[in-house]
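Shown next, in structure tokens, is the structure this report addresses.
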Amino acid sequence: MLNQVGVLSIQVHNMEKSVDFYTNVLGFEISKRYGENIVTLKQEAFTIVLETAEEVHTNPKQYVLPGIISENLDGDIVNLKSKGVKMVFDEPRPCPPGRYTIIEDPTGNQLELIEFSK
């Protein structure tokens, strides 16, 4: 059956800037490097792959939006802003399961930060 996501690949322009963003800004750890153009990040549910691409097509209407769980969205926003991360929204927005905001990585890929209601 094809009912389990095993890998999420994120295409990036600059691997070192992207590795810095995902590790030093978001807190992921590198699992393995496969040469200069592919890096996997440690993740329990499935593997996240950063892959250098000659052309990255960033679309203002992104159809797949990776979501990163936040335990303290307000605190995470303050921390990310202090590190110069581009925020799509000025303030968190409500959603049925809680609140969220959207940030961009160095390539312009959008990531959702979501805090579930307690």
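The values are calculated or read from the model by the stated rules, or taken from the named source; none is laboratory data. Just so you know, these numbers come straight off a predicted model, no measurement behind them. Glycine gets a Cβ as well: all are built from the backbone with ideal geometry, and neighbour counts include every protein chain shown.
Couple of notes before you dig in:
- Residue in the range 63-81 that is modelled with the lowest pLDDT, counting only those that are under 11 Å from L113 (Cα atoms) and exposed (fewer than 13 other Cβ atoms within 10 Å of the Cβ): L65
- Test for G84: is it on the phi > 0 side of the Ramachandran plot and either modelled with pLDDT under 95 or surrounded by 14 or more Cβ atoms within 10 Å (Cβ to Cβ) (or both): no
- Taking the criterion of being within 20 Å of G27 (Cα to Cα) and either hydrophobic (A, V, I, L, M, F, W, C) or assigned by TED's automatic domain parsing to the domain that holds E44 (or both), the residues of the range 89-115 that qualify are I102, I103, L111, L113, I114.
- Selected residue [in contact with a helix residue (DSSP H, G or I) (Cβ under 8 Å, 6 or more places away or on another chain) and not polar (S, T, N, Q)] from R33, R99: R99
- The one condition from (1) modelled with pLDDT under 95; (2) out of contact with any Gly (no Cβ under 8 Å at 6 or more places or on another chain); (3) more than 19 Å from I102 (Cβ to Cβ); (4) of a type outside the set (S, T, Y) that F46 does not meet is (2).
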